[in-house]
Amino acid sequence: VSAQGSISAAGRLLRELKAAAREGALRGGGARREALFGAAAGLPLEELPVGELATACAVMEVCRPRTSSSSRAPPPQPPPSLLLASRLAACDTEALAAAARAFAAARARDEGTLAALVERAGALASQGGLETKHCSSLLDSLGKLAARGDGAGAVATHTSRGAAKASTPTSGGASTHGSAAGSGPDWAKAAAQLERPLVKAVMQMRAIDIAMALAGLARLNSRETALLRASRPRIKELAESARSGAPIDPRHGAMLVSAFSAHARLGSRDEQALQEVGALLAACGAHDRLVPADFVLPLVRSLATHLRPAPPQFLPVIEASLTSAVGSFELGQLVLVLRSLAFIPGLESSRRGLGRAVFGACLAAPLSSLPPVGLAGALRSAWALGHGDANFWAPAVREAERSIVGADRSSDASGATALRWASDDLAAVALIAGRILEKAAAAVPHEVPTEAPAAAAALAAAGKAPALLTAAPASASLLRAAVGFALSERRSVAATDGAELGPRELAVLATALARAGQEEGALFGLIAHRAVQLLQGPKTRALFNGRDVAQLLAALARFRYRDEALLSTLMLRAEDCWSSYDEKAKDIILWSLSELSAGRDQEGLLADALLEYELKRGRTTEHTEGHMVSVEVAPCFDDDPDYYGYTQVAPQQAPLDGDAGGRAGAVAGEGIRRGGAAGRGGRRLGGSGSSRAGGVRDAAWDDDAE
């Protein structure tokens, strides 16, 4: 009876420790910390089973007094770490897993205990004594313990983040508690030893077992795991069982997603298995088993970050589960959701009441309680999900503007702000405002840009335009406030690393102004000045990618702004990195340069690409006229004994009789552009009329001859 009571007391202590940690009562000293230590030390440690003994040791490790004089209870004799190590040396897999689980739950790190856990796991593996049903829990707990502290992280990831805090893995080693340095446990070997029996028994494992094992392997930095590949047919089987109505817990499916996210972070993504997990969760939802609120947030974050783009099987899962759970979220949880939804493609506001639930929660929060990152996330997610409720848009846009203006006005002489608006958040709200103004201009095409927001809002109020356009006048104010504050001198002075405007933010701000169609010469001048500064810096120049260069040039071309300093530096950057840009970025850059009549007096890859671009599109400029040659294609026949596959071209002297065509088409470079066969009637390359000069052989036929 006494032993059973002690076991219950150990469990209560662990629960009390977790509660105290959540409440922050363990920071520093304090009576509660000392009380927990005294209660754990007062237990009959030698009578406790291994799992409960480990619980008591973990509580004492976390709550150990800062100095011996402050302790109200003397430390137990013998030292609990030695007692635990001796018990671990002879325990089975179940007890070993319970001990590891206790230390992981208490977030306690004792190097001597870690060494004993790993050493015993290796001994059981070599003896063939590992029990498969407990290996998943043991692997998960060891992974959590390895991920805590600088030492474990450095050993597991082979980095030098800090000095490794470890002790020699000998049975019964005393606790070092970070005071000794040495070689830590061989985590890779431990992971491999625990993984082998799981791979053999994977078809009998539950979803939660697979999830815990994969999560543990990821924390132990096992990039290529046999279990990740072997679990695919089992996950498919579980998904089929869920579709048949098997009572699979959706929490276990959400844990699988988190485990796959951890492996994707290491560079291993199994798309097929991930789709099966999505099908499993969708089947659970079809039987009214939604993902609980505590598991929805990590699920959303995983799909929006490391598992992006999320497979479409997850869309109904997110829409149904989040609609049900969002009302119970605290403000911080709501902000994380708002930041994530825009990055899960395919979600729709109108399905399953998702938009009404999420953005209704924003209004109920209320909006004024959302931090800047929350306001930016709300606007971005509402736009991405197609949420068109005027009851959300108008107050949300006004609140974002009020927050930015308040942050600007509350800046002191040093530039510090009461409300922290990061550069990417300012760029995000500016872009949303620009999109709304672009939509407003399209709704009233005959209005001048300055009058379009009010006119579009009137149409929206009358039900003749999308409802979100009621926020168009407020969006114009928001755009000016966001761009002005982002480029303000006071904010630039106060900006720290990561807070300054970078190439991406500058490009997005320029794009926002271009979309809005508002000619803000002063703001464009500030953007150009900052961009030139970055492009001239040896380190910051490398931050400009193809999309940044394309967006800045497109914004300048939109208003025909020719800033020679910015144009020249952007063209130099494009010339240096042209081969690495994607086709879309190249096309936008060439269109912009052509519109701005820039880059035609240059030499190099960019100049050649611009010439080819303008020739293809038939643009007549001084740059292209020198490459326009009038030609006549002479007849060529296959039965000509002197014909060997070459196309004969002769200069055209004068139009032939009956020629209805205009001047001959353009020929770029040294040859004739390839085209389709013109037949006996013949035609000029690129011309609009016909010629009696006979046929032209398809240039593609002459590849071998060339």
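The values are calculated or read from the model by the stated rules, or taken from the named source; none is laboratory data. Since this is a predicted model, take the numbers as computed values, not measurements. Cβ coordinates were reconstructed from backbone atoms using ideal geometry, including for glycine residues, and neighbour counts include every protein chain displayed. These accessible areas exclude ligands, DNA and RNA; they are computed on the full protein's heavy atoms, side chains included. Shrake-Rupley method; radii C 1.70, N 1.55, O 1.52, S 1.80 Å.
Cross-link pairs exceeding 26 Å in C-alpha to C-alpha distance, out of Lys539/Lys616; Lys439/Lys616; Lys464/Lys584; Lys539/Lys586, comprise Lys539/Lys616; Lys439/Lys616; Lys464/Lys584. Residues Asp425, Asp288, ordered by accessible area of protein heavy atoms at a 1.4 angstrom probe radius and largest first, appear as Asp288, Asp425. Note on Trp187: accessible area is roughly 10 Å² with a 1.4 Å probe, heavy atoms of protein only.
Identify the residues of the stretch 358-391 with backbone N under 19 Å of a label point that sits 7 angstrom from the Cα of Ser350 along the Cα-to-Cβ direction, or state none. Residues 358-360, 381-391 qualify, since their backbone N sits under 19 Å from the label point.
Express in nm, to one decimal, how much length is gained between Lys200 and Ala123 on full extension, taking 0.36 nm for each residue of separation and deducting their alpha carbon distance.
Details: separation 77, 0.36 × 77 = 27.72 nm, distance 1.92 nm.
Answer, rounded to one decimal: 25.8 nm.
Here the gap between Arg562 and Glu271, fully extended at 0.36 nm per residue and compared with their Cα-Cα distance, gives a gain of 100.1 nm. With a Förster radius of 56 Å applied to the beta-carbon distance between Glu575 and Ser86, the computed FRET efficiency rounds to 0.20.
Of Lys144/Lys189; Lys189/Lys236; Lys144/Lys236, which ones are farther than 23 Å apart at the Cα?
On the way: Lys144/Lys189 16 Å; Lys189/Lys236 29 Å; Lys144/Lys236 27 Å.
Where the Cα-Cα span goes over 23 Å, the pairs concerned are Lys189/Lys236; Lys144/Lys236.
Return the equivalent ellipsoid semi-axes of the stretch 183-296 as a descending list in whole Å, where each equals the square root of 5 times an eigenvalue of the C-alpha gyration tensor. Don't skip to the end; give the middle numbers.
Numbers: eigenvalues 134, 41, 27 Å².
Computed over the stretch 183-296, the values are 26, 14, 12 Å.
When the alpha carbon gyration tensor of the stretch 543-616 is reduced to an equivalent ellipsoid, the three semi-axes, largest first, read 15, 14, 12 Å.
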